[in-house]
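Working notes, beginning with the structure itself.
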Amino acid sequence: MRLSSERRKSFPIHILIFLTPAVVIYTIFMIYPLVDSLRLSFFSQDAQDVETFAGLQNYIRLLTDPLWAPRFWNAFRNNLIFFAVHMLVQNPIGLLLAALLSRNPHGRSQGIYRTLIFTPTLLSVVIIGFIWQLILNPLWGIARGLLEFVRLGALFKPWLGLPETALVTLSLISVWQFVGIPMMLFYAALIGIPDELTEAARVDGASGWSIFWRIKFPLILPTVGIVSILTFVGNFNAFDLIYTVKGGLAGPDFASDIFGTLFYRTFFGFQLQLGNPPMGATVAAMMFLIILAGVLLYMVAWQRRVQSYEL
């Protein structure tokens, strides 16, 4: 009894005081909506908004119904493409920029470069979408003129208006805006590597390329994994850029439709289409399950790979 009372007295009550407001706010605005959405996905609503328990019928409809399944699998495929472009373009460019900037982290110009590269991340997505719509506009945009100036005018197309190029173009716009985030994460990891390791490698005659791939890159593998999973979660939650540029229908012909825009149209409705909250909650639940599966895969596969690499 005396030991338990001493433990209660020794508990840092100030931690509880500081954590309680954050936990309450997070629960109200994050946990409760998530749990309620999962609950709603197991119900159906009639014209009077009366809920009836439907079990897994909403999920079966979403995955197999001729009206719902094509839209769902199309959004899933587009989300995979959106994620792949960021993984194969954004993160390698961010790593390259971080490697170049970390060569002389105390240089006066390095801070300017970091600021210029990171600035688009701070801008509103609405502004970014509007600016790039003007740049790529086939009538008055400057993209055609720039390509003609370098004698590549024949390559210009209305990239945002063609089904085969709209999604990749939007992905590259997103890459341009957010490349500063992986750059800063990689940069912080690279400058944290002790100089003694690289100096010893140089004394042994190692080139800059060998030093990076054989010494620095293995040491920042945990950061590579974190950046990868953040990219996965962020891209499967994406919505604002595509909605800003292409609207709720994510045209042309749903070519840029992803889970975010599909959920928006399904839950809230769009134009003459009425919303269907239970099916919208089902889409949100599928998003949650896919993201959860990706995070669990990272925690199991990637962490084991990093540990084996370190051994």
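Some points to look at:
- The residues of region 248-275 that are out of contact with any helix residue (DSSP H, G or I) (no Cβ under 6 Å at 6 or more places or on another chain) and over 23 Å from residue 83 (Cβ atoms), listed by number, are 268, 269, 270, 271, 272, 273, 274.
- For region 110-152, the set of residues classified as among the charged types (D, E, K, R) and surrounded by 13 or more Cβ atoms within 10 Å (Cβ to Cβ) consists of 114, 144, 148, listed by residue number.
- Residue within region 153-169 that is more than 23 Å from residue 84 (Cα to Cα), surrounded by fewer than 13 Cβ atoms within 10 Å (Cβ to Cβ) and of a type in the set (Asp, Glu) present: no
- Residue within region 247-255 that is part of a helix (DSSP H, G or I) and touching a residue at least 40 places away in the same chain (Cβ under 8 Å) present: no
- Out of 186, 259, sole residue that is under 15 Å from the mean Cα position of the chain (by Cα), surrounded by 16 or more Cβ atoms within 10 Å (Cβ to Cβ), modelled with pLDDT of 95 or more and among the aromatic types (Phe, Trp, Tyr): 259
- Of all residues in region 59-82, those that are of a type in the set (Phe, Trp, Tyr), part of a helix (DSSP H, G or I) and surrounded by 14 or more Cβ atoms within 10 Å (Cβ to Cβ) total 4.
- Against the conditions (1) of a type outside the set (Val, Ile, Thr); (2) touching a Ser or Thr at 6+ places or on another chain (Cβ under 9 Å); (3) farther than 25 Å from residue 208 by Cβ, residue 137 satisfies every one except (2).
- Test: residue in region 139-147 that is over 22 Å from residue 177 (Cα atoms) and of a type in the set (Lys, Arg): no
- Residue 25 being within 30 Å of residue 223 (Cα to Cα), assigned to a helix (DSSP H, G or I) and under 31 Å from the mean Cα position of the chain (by Cα): yes
- Residues in region 181-240 that are among the aromatic types (Phe, Trp, Tyr) and in a helix (DSSP H, G or I): 186, 187, 209, 212, 213, 217, 232, 236.
- Screening residue 41 on (1) of a type in the set (Gly, Ala, Ser); (2) at positive phi; (3) within 25 Å of the chain's Cα centre (by Cα) shows it passes everything except condition (2).
- Near pairs, Cβ below 6 angstrom, 6+ apart or cross-chain, from region 195-207 (touching a residue at least 12 places away in the same chain (Cβ under 8 Å)) to any residue that is in a helix (DSSP H, G or I) and surrounded by 10 or more Cβ atoms within 10 Å (Cβ to Cβ): 197/215; 198/211; 201/211; 201/215
- The single condition among (1) within 21 Å of residue 136 (Cβ to Cβ); (2) under 12 Å from the mean Cα position of the chain (by Cα); (3) assigned to a helix (DSSP H, G or I) that residue 167 does not meet is (2).
- In the set (1) touching a Ser or Thr at 6+ places or on another chain (Cβ under 7 Å); (2) buried (at least 18 other Cβ atoms within 10 Å of the Cβ), residue 236 fails one condition alone, (1).
- Residue match in region 33-40 (condition: surrounded by 12 or more Cβ atoms within 10 Å (Cβ to Cβ), aliphatic (A, V, I, L, M), touching a strand residue (DSSP E or B) at 6+ places or on another chain (Cβ under 9 Å) and outside any loop (DSSP other than H, G, I, E, B)): yes
- Residue in region 90-109 that is modelled with the lowest pLDDT, counting only those that are assigned to a helix (DSSP H, G or I) and surrounded by fewer than 16 Cβ atoms within 10 Å (Cβ to Cβ): 108
The values are calculated or read from the model by the stated rules, or taken from the named source; none is laboratory data. Computed from a predicted model, the values in this text were never measured in an experiment. For neighbour counting, all protein chains shown are included, and Cβ atoms are generated from backbone atoms with ideal geometry for every residue, glycine included.
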